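Here's the structure we're looking at; comments come further down.
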Amino acid sequence: MVGKLKAAIDEGTAIALAAARLALKNEILVETIAGDASFETERFVPNARKVLSGLAKEAERDASRLKRLGRKAWAKYSQSDGTHDYRDRDVRNLRRRRKQSAGVAAALRAVAGDKAEVNDLVEQAREAAWDDVRANIDRRLRVEGMRPDSDPDYEKMRDARMQALMMVDLQNLKAQVAARARVNS
């Protein structure tokens, strides 16, 4: 049973770390791209710890809730009225789930307290952010740099592209030229 418990805690921790990495990745994208700031690991470390702490608190609340449910279910032998109406036969499962949640919380607190682990998490989030940026640039280059011979819908969509060019792109270009002329005058 100990091996199964450890495996469940490891899996729960991996899921929580993936959620933390996603939150940090999004923060990195917003700060560096939208906020036009440079990436510095130390700048994101406090938030990484905050995210890990929040996830640990969530797991601890879950463990407390499961403990209350187990106490409430103890010595109840009647038929349950629904999915979350626990009975005595559910106490063992609730106890196992409580231990798993408490284990995940402890693991997340350990990660949050380890500078190398936190820096590694921030670095993984940075790599994930860069992968998103790289994929977006690649996607845009494929679409915008597509040659007519590699696009099966080229002829069908040509008229729409030409209209967009005249109505949007050329109008924007005209406005930019006019704005530059006013600034230079």
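The values are calculated or read from the model by the stated rules, or taken from the named source; none is laboratory data. In this text, all values refer to a predicted model and were calculated from it rather than measured experimentally. Counting neighbours? That spans all protein chains shown, and the Cβs are built from the backbone with ideal geometry, glycine included. Heavy atoms of the whole protein, side chains included, go into the accessibility calculation; ligands, DNA and RNA do not. Shrake-Rupley method; radii C 1.70, N 1.55, O 1.52, S 1.80 Å.
Things worth noting here:
- Only DSSP H runs of four or more residues enter the estimate; each adds -39500 (n - 2.57), and after division by the residues of the chain the mean residue ellipticity at 222 nm equals -26500 deg cm²/dmol.
- The loop-placed trypsin sites (Lys or Arg not before Pro) in the stretch 86-134, going by DSSP, that have at most 16 neighbouring Cβ atoms within 10 Å of their Cβ come out as 87.
- Rg in Å to one decimal, and Dmax rounded to a whole Å, for the chain via C-alpha atoms: 26.9, 88
- When only Cα pairs below 8 angstrom with a gap of at least 6 residues are kept, the chain shows a relative contact order of 28 percent.
- Number of Lys pairs (Cα under 29 Å; 8 or more positions apart or on different chains) in the chain: 29
- With θ taken as phi - 60° and the Karplus curve 6.51 cos²θ - 1.76 cosθ + 1.60 applied, the whole-hertz 3J(HN,Hα) list for the stretch 6-12 is 4, 5, 5, 5, 4, 5, x Hz, x standing for glycine and proline.
- Loop-located GluC sites (Glu not before Pro) in the stretch 24-62, at most 16 other Cβ atoms within 10 Å (DSSP): 40
- Straightening the chain between residue 72 and residue 169 buys 28.3 nm, computed as 0.36 nm per residue apart minus the Cα-Cα spacing.
- Degrees, to the nearest 10: 154-164 long Cα axis against longest axis of the chain: 80 degrees
- Å² per residue, accessible surface of the chain at 1.4 Å: 71 Å²
- By accessible area, using a 1.4 Å probe on protein heavy atoms only, the chain has 55% of its surface on carbon and sulfur.
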